[in-house]
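Please read the structure below before turning to the comments.
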There are 2 protein chains.
Amino acid sequence: MNNTLTRAQVEQLVRASLSRQAGASVSSAPSPLVVNSSARHCHLSPAAVETLFGKGHTLTPMKSLYMDGQYAAKETVTLIGPRSRVISNLRILGPCRDLNQVELAYTDSISLGFDIPVRNSGDIAGTPGCMLMGPAGFLEMEEGVIRAAPHVHMHPKDAEYYGVENKSYMKLRVGGELGVTFDRIFVRVDPAFKLEVHIDTDEANACGLGKGVQCELIK
Amino acid sequence: MNNTLTRAQVEQLVRASLSRQAGASVSSAPSPLVVNSSARHCHLSPAAVETLFGKGHTLTPMKSLYMDGQYAAKETVTLIGPRSRVISNLRILGPCRDLNQVELAYTDSISLGFDIPVRNSGDIAGTPGCMLMGPAGFLEMEEGVIRAAPHVHMHPKDAEYYGVENKSYMKLRVGGELGVTFDRIFVRVDPAFKLEVHIDTDEANACGLGKGVQCELIK
């Protein structure tokens, strides 16, 4: 066992600590830190919406999400899993995309009786499929059921502030009486993004999010 | 903003890092680290068992738990929440205790429709109650429904090894593709205990426990 630290390691520790202090106390952060939990939902293509809701049907925005232009649609579907177990009222998020993707929490996949992999959104090759049922028809998805990896959307100015790059990883420290740090928050940088961390309902329940707990994003 | 670290802070960082290295690499740890997730369950008094299962009834051990003498009983009860929603087949853990306590995950409490506090086992004053139903009768619990705080049981020799005291807090770092650190693991030291971390099903699902991920206990 090596019981000593190199000078480089000590410097790294000090830098990391200073960076944490900075994250917590500097008021010049370009954006407020918003952490939201995503309940299970799906993204659909325009063709899939027509299959499920009828020819010519388009999504009806019901509630705007924090990210500009994104919304929860009025429309929901029924998900039928591989063992004929069902999740009703699966919310569709709009606008439509060019692929069909269902995002579940691990608890959901247990209740459906199958295993789902942790994936970044859009990376669905080789993932399990499912059947979706709408008022006008069924859609058989060959693949696309995932547990979304925890991630943070940010504008390039946020990325500059935190000193991170697109597709790198950060940590999210959640305070409160439970106290959970998510060590692998995938970073997605785009000029269209507002600073927002997305975790799923399992992760939110595990850390007690939403009860006034403090959150801190750490490089 | 204070952009410097004191010598004491630097020393603390170095000590903490060395301690982490030691935890990961030294083979002289007195006990293997076992991390288990506790599904929802209850602990009952002998009188409660009689109320629910009939006069003179005692629990029948079905499966031994990791902690010596503890077991999952053959008997289960039905939990009826404050809004008449129900959880069936709630497992009883034995042996009997001198209080009645129901431990649920936060997901369970959401499905039942009420809020439950995070508490250490036994600390049930002022917590919500519920109704339990068994084959021989009902038991009205005035209080005792909790979400158990994540905790670690350990023998005094483990406490000495990790340099922690009874009722202090440690961290549990869970590796793998998700990567979650539980920052407040409550320490319970007793000569009767084997080294075992208990997290609940929400926490286990959030960190992907049980898929061969590495766990590390850190002071």
Inset, instruction - Largest first and to the nearest Å, give the Cα extent of chain A along each principal axis. - result: 65, 40, 32
Legend entry - GNM top mover of A:Ala192, A:Ala48, A:Ala204 - chain A, alpha-carbon springs below 10 Å: A:Ala192
Inset, instruction - Decide, for the protein assembly as shown, between rounded, prolate and oblate: order the square roots of the alpha carbon gyration tensor eigenvalues as a ≥ b ≥ c, take rounded if a/c falls under 1.5, and otherwise choose prolate if a/b is larger than b/c, else oblate. - result: oblate
Legend entry - Inter-centroid distance (Cα atoms) of the range A:158-219 relative to the range A:34-86, Å: 24 Å
Inset, instruction - Once you've got the GNM for chain A with C-alpha springs shorter than 10 Å, pick whichever of A:Gly208, A:Gly56, A:Gly81 has the biggest mean-square fluctuation. - result: A:Gly56
Inset, instruction - Sequence neighbours fewer than 8 away in the same chain don't count; with that in mind, list the lysines whose C-alpha is under 19 Å from B:Lys55. - result: B:Lys74
Inset, instruction - Determine Rg/Rh for the range B:39-148; Rg is computed over alpha-carbon atoms and Rh is the Kirkwood hydrodynamic estimate from the same atoms. - result: 0.94
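For the pairs B:Lys167/B:Lys194; B:Lys167/B:Lys219; A:Lys157/A:Lys219; A:Lys167/A:Lys211; A:Lys171/A:Lys211; B:Lys171/B:Lys211, note any where the Cα-Cα span goes beyond 18 Å.
Checking Cα-Cα distances, A:Lys167/A:Lys211; A:Lys171/A:Lys211; B:Lys171/B:Lys211 exceed 18 Å.
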Inset, instruction - Please build a GNM for chain A, connecting alpha carbons under 10 Å apart, and tell me which residue among A:Ser38, A:Ser84, A:Ser28 fluctuates the most. - result: A:Ser28
Inset, instruction - Can you tell me the dipole magnitude for the protein assembly as shown around its Cα centre, using point charges on the Cβ only (Lys, Arg +1; Asp, Glu -1), in Debye to the nearest 20? - result: 440 debye
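Laboratory data are not the source of any read-out in this text; all were calculated from the coordinates shown. In this text the structure is predicted, and so the values were computed from the model without any measurement. We place every Cβ from the backbone using ideal geometry, glycine too, and count neighbours over all the protein chains shown.
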